[in-house]
Each structure stands twice: as C-alpha cells, then as structure tokens.
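The block underneath contains the structure these notes are about, expressed in structure tokens.
Bear in mind that the values in this text are calculations on the coordinates, not laboratory data. Since the model is a prediction, treat every value here as computed from it, not as a measurement. For neighbour counting, all protein chains shown are included, and Cβ atoms are generated from backbone atoms with ideal geometry for every residue, glycine included.
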Amino acid sequence: MSAPTSVRHLIGGEWVGSSDGGTFETHDPHDQSLLGIVARGTAEDGTRAVTAARTAFDEGPWPSMTPKERARILHAVADAVDAHRDELALLETRDGGKVLSHMLHAETPRVAHNLRFFADFAAMAPNEAYPDGPLLSYVLTPPAGVVSAISPWNAPLMLASWKFAPALAFGNTVVLKPAPQTPLSAARFAELALEAGLPEGVLNVVQGYGGDEVAGPLTSDPRVDRITFTGSTATGRKVMAAAAQNLTPVSAELGGKSANVVFDDADLEIATDVAIKGVFAGSGQVCLAGTRLLVQRGILDDYLARFTEKAQALTVGDPKVDGTRMGPLIEGPHLDKVHGYVELAQAEGGKVVTGGTRLGGDLARGFYYPPTIITGLTNQARTAREEIFGPVQTVIPFDTEDEALAIANDSPYGLAGILCTQNLDRAHRLAARWQAGMVWINCFFERDLRLPFGGEGQSGVGREGGPYSREFFTNPRAVTLRMH
Ligand code: NAD
C-alpha cells in the first residue's frame, strides 16, 4: 500500500497549506485505509483563492487570449488527462469507490472530452449577427470574470470538469472546491494542467468544507462573478442565499428522484438493462438515477422477476477488481442514511424483495450495500419522494399512460425521466409533457454535450451544456452599429 498523499491548495500557482495549518483525512471506502492528509481550507484561504483568480482575470493573459489560443492549451490539458488516465482513474476509484473499469473507460475519458468539447465550442460556435438596412446588430460574449466551481463527490473530476472546462474555455478564471470526501483527483489534475501550460492563477483549487470554512468566500465574495454548484438541494439553497447578497448568478445542479416508466409494449430486455443501469450504476449515487420504477400492471410480475434476477447477479465488491459492477458507498454516515431509508420503507409498509442489509464478510470493512428493490409503496411514501442516493429501487405499478405521467411528475424534483416503450407516438407525447430537464427513451445516460443539462423544480436552477454554458459563463452583450 502506498503512503498517504499530502494535498495542499493551489492558489495563484503556489501549493500552500491552510492559513491555520488545519488538515482532514480522506479514506478509501473499500477498506477505510488512509489515502491522504488534506489541507482544510479556512475562509481566509477561500478569500486568497478568489484574490488569485481575480488578479489572473484582471491582469493576466487568459481572458484576452483568442478562443483558439485558449483551445490549444485546453487540448494540451486534455492530452495530459488521457496520458494519465490510468493514474487518475485509480485515484478516483480509491478515493470515491467508483468501479475502476467505469473510471477507465467512461468517466476519466469524459474529463478530457469535456475539455476538448468546450475548447472547440468556444472557438467555433456560431454567433448572432442581424444586418437590417443601415443597422448591423451582433452579440459579443466576453467572459464573466471569476467563477466559483463547487462540486460533489459522486463523480468528482468529471463533474468538476463539467464546470471548469466551459468556464476556462470562455475566458474566465476559476476557483474550484472539490468535495471533502474526494479531494485527490482535482489536486492531481491541477498539477497536470499547470504542467500542460495553463497559466498560473487561472485555475485555483481549494480543499475543505462549506459554510464558514473555505467555501464561504466562494459564494459570498463580491469579486466572484459566477457560481456553478453541483450538490444537494439543501446545500444549493444555502449557496443561492449567500449569492443573493451580491446578486451573483448561480447555476445549480441539485438532487433528483427521477421516474423510470416501463410500458407493456417495451422491449423487456432493453427495459431491464436500462433500469439496472438507471438505478445501480455508481451504486445508486447518481443524481439522474431512475429511482422510482413505474411498471405497467400487466407486465409487473414478469418484469419484476427479470429485474430482480439481474439485480441479484450484479457483482458487488472491490471496485478495482475486473467484473465488479457496484463498489462501496462513499462513507459510513451515508451508508447509515441509505439503510435508514430502507428501514423507513418497511415501516411505511414496503416489502424488500432483495437486498436491504449491509454486506459483511470480506466486505465488512467497506461501506457496501447490495442492490435493493422495494415494492408495496405508493408514490406518496417518503421513500418514493426523498432522494436516497443509494442502490435502492422503489417499484410502483400503474395502469394507463396518463396515470404514469401523473406519478412521474408528482415529485418535488424534476431532473430526469426515463421511459421504455416501442410506441413512438407515446414516447414523444410523454417527453413533451414530462416535467424534467432530460428525458431518455429506451436508454439512459447518453449525453450530447450540446444539449442543455439541468433540472426543474428542486433539481436545480439554470442549464449548462454547449450554448447554455456560453450564456452562463459570459456576459452576452448586444452591439448595434448604424452605417451613415
Ligand atoms: P453536498 O451538497 O453535501 O456538497 C456539495 C459541495 O458543496 C461539496 O463540495 C461541499 O463541500 C460543498 N458545500 C457544502 N456546504 C456548502 C456551503 N454552505 N456553501 C458552499 N459549498 C458548500 O452534496 P454531496 O453530498 O457532495 O453530493 C451529492 C448530492 O449532489 C446529491 O444530492 C446529488 O443528487 C447531487 N448531484 C447533483 C447533480 C446534478 O447534476 N444535478 C450531479 C451530481 C450530484
């Protein structure tokens, strides 16, 4: 086993400890071994990072480079991510428990893809110009300024890159704060980015917690121009309240409780695979997860039998081992929360079809929870309304299309929707009436980065992706010229 890493903040191109010398530990959720000792940022450290980003924006070359010049550097950073794919993937697998094959083949390559996509988008996307007789009107998109990027632990570097890639590509400078559960990958990435040529101060990384600590100034300092936040709805509210003092625009990608609707005309093989991926990928720690499985009554027994069999066949275990499909949950308190919801479901009258108890034996030192399926609850049960963020599927039967849509839309959240049907009319009809930011038909998780990403209701405010990111991370300016 390698020695624990020591992680510091990156502020203005310097690696520094916290102003009060404080640290916290990060552990492997597989066996609780110590992975790193990390600087625990204070509010003072947050302010210093904002100052560094402000200086790099106001005095440095980054904002005034052409998008093509920035793209050249961001492509070099993406190349460095690809070249260090194995290292970054393993780092995240150990820090966050994500399955290594997924990290190698999906999430880490996606970090590089996010960088390349936004670099190219900023350099090549069309812009508006309206000639109108003697008038010529057009739009400029100067960078917004200093961006605070606050990210969660469930897809650490991928979600962070979904923020810093567009922010940087459009000419902003960034202060990134990863989640304290998974601090390692952002620090290593920042090191690689500097080596690849990203100017000092353009990307700053501070480590630690929210509220009165390092994240405080990231949301309340008036020198911050944009806040892009991904995390829970409860924290999102606090971030928006802090940002309101300075009227700082916030893009908030928050929690979810998405419905996955399976009609009796669906290809059941596809629908089963979609549901398995929809709720058990990432051990259910996925904001988009289709945690409410609505199944048309006529196929309920058959479908539930197939789904249960496939869920039971998923290998839960060490995420570094080939063939593992589900790794551990992120930490002990989170496992307790997930299990608490399963107990609540039983108290509410639900029946646990499979799963429902923490895994022991070889996995006892880790935070392992099996795929869990619960029937017998209505959509009014708390288990069906609140985000559990674990491998727990609630199954609810329905009879008609209208009833399915009504249940799907009856949620405080509105992040995503999944539906499986072979009836194209029905698919389009429902997609148009579904109250969610994203609807997947006969698939899940496919992403074209030009599309809007974000949620309705308690799932968030704003959209990011392609032109939506440009709108958020720039100050669109209308220019009108009269020719005489
Ligand atoms: P969290 O809200 O606890 O923390 C998110 C980040 O906010 C962390 O970096 C944390 O340190 C920071 N933070 C905490 N308090 C803060 C404060 N007062 N001010 C500023 N920052 C503060 O969320 P989490 O447990 O890390 O992540 C899981 C949650 O994230 C789930 O609810 C999940 O649905 C959501 N999520 C949403 C999306 C999406 O795109 N909609 C994607 C992934 C995760």
Relative contact order of segment 185-289, please, whole-number percent, based on alpha carbon pairs below 8 angstrom and at least 6 residues apart. 18
Per DSSP H run of at least 4 residues, take -39500 (n - 2.57); add these up for the chain, divide by its residues and hand me the 222 nm value, nearest 500 deg cm²/dmol. -11500 deg cm²/dmol
Signed unit charges on C-beta, dipole axis of the chain, positive-most listed residue Met158, Ala289, Gly17: Gly17
Scoring only Lys, Arg, Asp and Glu (+1, +1, -1, -1) among other residues with Cβ under 9 Å from the Cβ of Asn172 yields 0
Among Thr26, Thr55, rank each residue by its count of other Cβ atoms within 10 Å, from fewest to most, as a rough exposure measure. Thr55, Thr26
Expressed in Å to one decimal, the Kirkwood Rh of the chain from all distinct alpha-carbon pairs is 23.2
What full-extension length gain, to one decimal in nm, is calculated for Val479 and Asp20 as 0.36 nm per residue of separation minus the Cα-Cα distance? 160.4 nm
Put in order of increasing Cβ neighbours within 10 Å, starting from the fewest, Ile37, Ile407 give Ile37, Ile407
Pairs from Lys238/Lys351; Lys68/Lys98; Lys68/Lys163; Lys277/Lys320; Lys238/Lys337 whose Cα-Cα separation, in the structure shown, is over 27 Å: Lys238/Lys351; Lys68/Lys98
In nm, to one decimal, how far is the modelled label at Asp264 from the one at Asn442, with both set 7 Å along Cα→Cβ? 2.0
Among Ser148, Ser469, rank each residue by its count of other Cβ atoms within 10 Å, from fewest to most, as a rough exposure measure. Ser469, Ser148
How far is it, in nm, from the label point at Glu195 to the one at Ala125 when both lie 7 Å from their Cα along the line to the Cβ? 3.1
Subtracting the Cα-Cα distance of Ala432 and Tyr209 from 0.36 nm times their residue separation yields 76.3 nm
The distance between the Cα centres of segment 7-85 and segment 439-484, in whole Å, is 26
Relative contact order, percent, of segment 259-448 when contacts are C-alpha pairs under 8 Å separated by at least 6 residues? 28
At 0.36 nm per residue, minus the direct Cα-Cα distance, what do Thr400 and Asp79 gain on full extension? Give it in nm, one decimal, please. 110.5 nm
So how strong a dipole does segment 58-102 carry about its Cα centre when Lys and Arg Cβ are +1 and Asp and Glu Cβ are -1, to the nearest 20 debye? 180
How many Å³ per residue does the convex hull of the Cα positions in segment 106-265 occupy? 192
